[in-house]
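The values are calculated or read from the model by the stated rules, or taken from the named source; none is laboratory data. Because the structure is predicted, anything quoted here is derived from the model rather than measured. A quick note on method: Cβ atoms are made from the backbone with ideal geometry, for glycine too, and the neighbour counts reach across all protein chains shown.
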Amino acid sequence: KQEVTQIPAALSVPEGENLVLNCSFTDSAIYNLQWFRQDPGKGLTSLLLIQSSQREQTSGRLNASLDKSSGRSTLYIAASQPGDSATYLCAVEQGGSNYKLTFGKGTLLTVNP
Amino acid sequence: DVKVTQSSRYLVKRTGEKVFLECVQDMDHENMFWYRQDPGLGLRLIYFSYDVKMKEKGDIPEGYSVSREKKERFSLILESASTNQTSMYLCASWDRYNEQFFGPGTRLTVL
């Protein structure tokens, strides 16, 4: 059974710092990996989707990488801002799972002014 | 602007009541999902549907059922609500090759 782990569970950084969030998964036979952002009491917003054939995706200050063989993904946030404060979740679609996603429990990011 | 909408943001029900949570998407996606999210447990898949009238159990289907009569609408039904179903319920739709879209969530409290 696929398991997704996110480390650290919480992270606090000063504004302007570059940071990396980590995601690991136990079964490398995935179709894709997604990173989401969730603000308190709200739904999830998709940030980046990496297909299994891709190594990375970029959107603005965000860059996500995928290393399928080692079962790892990282989300890099450049020049962090207080507005980046949120919970970040990664999720993988398992091969043969018929569209089901397995989520990590998230990293709570706080960017201090 | 694409959207997934959920019928209620907050809902309070009593034990034993039948509860309907509605989800509507306007993206013509075939796949729709219901999750619940609880502190310390993360998101868990309850049911999903990959076509009209098609449904498949997720990881925690017990105590729930679903209905998908039209492509844009996916309903979650709690036949007899219990206190352990107090949770945040999130609906999503997705075509796999693009980002997955989530609704704003329904926070359900069962007294």
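Only one of (1) surrounded by 14 or more Cβ atoms within 10 Å (Cβ to Cβ); (2) within 14 Å of another protein chain (Cβ to nearest Cβ) is not met by A:V13, so which one is it?
With respect to (1) surrounded by 14 or more Cβ atoms within 10 Å (Cβ to Cβ); (2) within 14 Å of another protein chain (Cβ to nearest Cβ), A:V13 is out only on (2).
Taking the criterion of being modelled with pLDDT under 95 and of a type in the set (S, T, Y), would at least one residue in the range A:91-98 satisfy it?
Looking through the range A:91-98, at least one residue is modelled with pLDDT under 95 and of a type in the set (S, T, Y).
Select from the range A:40-83 the residues that are without any contact (Cβ under 8 Å) to a residue 40 or more places away in the chain and at positive phi and write down the one among them that is surrounded by the fewest Cβ atoms within 10 Å (Cβ to Cβ).
Restricting to residues being without any contact (Cβ under 8 Å) to a residue 40 or more places away in the chain and at positive phi, the top hit is A:G60.
Can you name the condition, by its number, that A:K42 falls short on among (1) over 23 Å from A:K1 (Cα atoms); (2) not in a loop (DSSP other than H, G, I, E, B); (3) not hydroxyl-bearing (S, T, Y)?
Unmet for A:K42, out of (1) over 23 Å from A:K1 (Cα atoms); (2) not in a loop (DSSP other than H, G, I, E, B); (3) not hydroxyl-bearing (S, T, Y): (2).
Select from the range A:18-34 the residues that are crowded, with 20+ Cβ neighbours inside 10 Å and more than 10 Å from every other protein chain (Cβ to nearest Cβ) and list them in ascending order.
A:L21, A:C23, A:F25, A:I30, A:L33
Identify the residue in the range A:37-55 that is of a type in the set (A, V, I, L, M, F, W, C) and touching a Phe, Trp or Tyr at 6+ places or on another chain (Cβ under 6 Å) and, among all such residues, is nearest to A:L108 (Cα to Cα).
In this case the residue turns out to be A:L44.
Pick from A:Y88, A:Y76: which is over 22 Å from B:A92 (Cβ atoms), assigned to a strand (DSSP E or B) and of a type in the set (F, W, Y)?
A:Y76
In the range B:60-101, what residues are within 14 Å of chain A (Cβ to nearest Cβ), free of Cβ contacts under 8 Å to residues at least 24 places away in the same chain and within 13 Å of the chain's Cα centre (by Cα)?
Once the filter is applied, which keeps residues that are within 14 Å of chain A (Cβ to nearest Cβ), free of Cβ contacts under 8 Å to residues at least 24 places away in the same chain and within 13 Å of the chain's Cα centre (by Cα), the range B:60-101 yields only B:P61.
Can you name every residue in the range B:32-56 that is assigned to a loop (DSSP other than H, G, I, E, B) and either within 10 Å of chain A (Cβ to nearest Cβ) or surrounded by 13 or more Cβ atoms within 10 Å (Cβ to Cβ) (or both)?
Result: B:P39, B:G40, B:L41, B:V52.
Quick check: anything in the range B:15-25 within 11 Å of another protein chain (Cβ to nearest Cβ), within 23 Å of A:R37 (Cβ to Cβ), surrounded by 14 or more Cβ atoms within 10 Å (Cβ to Cβ) and among the polar types (S, T, N, Q)?
no
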